[in-house]
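Please treat every number below as a calculation from the coordinates, not as lab data. Just so we're clear, the structure is a prediction, and the values are computed from it rather than from any experiment. For neighbour counting, all protein chains shown are included, and Cβ atoms are generated from backbone atoms with ideal geometry for every residue, glycine included.
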Amino acid sequence: MKAFYTLLILLTPFFVISQEVGDFHQGGIVFYIDSSDHGLIIDTVYLESTFNWVSESPLQSNWGLHWVNNFNAVETFIGAGQFNTQNLIVDSNEHYAANLCFNSNNGGYSDWFLPSKDELWKIMLNISTIDSSISICGGDSILNNAFTWSSSQS
C-alpha cells in the first residue's frame with residue numbers, strides 16, 4: 001500500500017528530438033523543454049520513503065541526513081535538482097528521499113534525482129497533461145497524492 005505523504009518525484013535530463021510535454025521518453029514523461037531542445041523527465045513510478053514522518057509534524061519527513069540547514073541544497077532554479085540531490089547524498093542509508101532517487105533504476109535509467117522547487121512548479125503547471133500520460137503508461141497518478149518531494153530546502 002502506498003503511503004499518502006511519501007511520494008517522490010524523479011527526474012532525468014535528456015536531449016529532445018521532436019519531443020513534447022507529455023510524451024513518453026527515456027523511461028518517463030517529458031515535463032519541461034528549454035529553448036535549446038533539452039528537457040526534463042518525470043518518472044512514472046513513485047518511490048516511497050521508508051523513514052517515518054517526523055512525529056511532531058506529520059507534514060515533514062527525513063529528506064536527507066540534515067533535512068534542515070543543508071546549505072548545499074538550497075538552489076531552486078530549473079536545472080538545480082540534480083545538483084541539490086548530489087549534495088544530499090550523504091551515506092549509504094537508502095531511506096532518505098535523495099538516496100532513494102539517486103539509487104533508482106526505474107525505466108531502465110539510473111540518473112534520477114529530486115526536482116528543484118522550480119522544476120516541481122513546471123510539473124504542476126502541466127499536471128493534467130503529465131498525469132494523463134503517466135496513467136496511459138500504467139504509472140502512479142500525481143493527482144491522487146497531495147505532497148511531493150523537492151531537492152530545494154527552501
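So if I restrict to the alpha-carbon atoms in the stretch 97-142, what is the Rg, and what is Dmax, the biggest pairwise distance, in Å?
Computed over the Cα atoms of the stretch 97-142, radius of gyration and Dmax are 11.8, 28 Å.
At ASP140 and ASN72, where each label point lies 7 Å from the Cα along Cα→Cβ, what is the point-to-point distance in nanometres?
So the two model labels end up 2.7 nm from each other.
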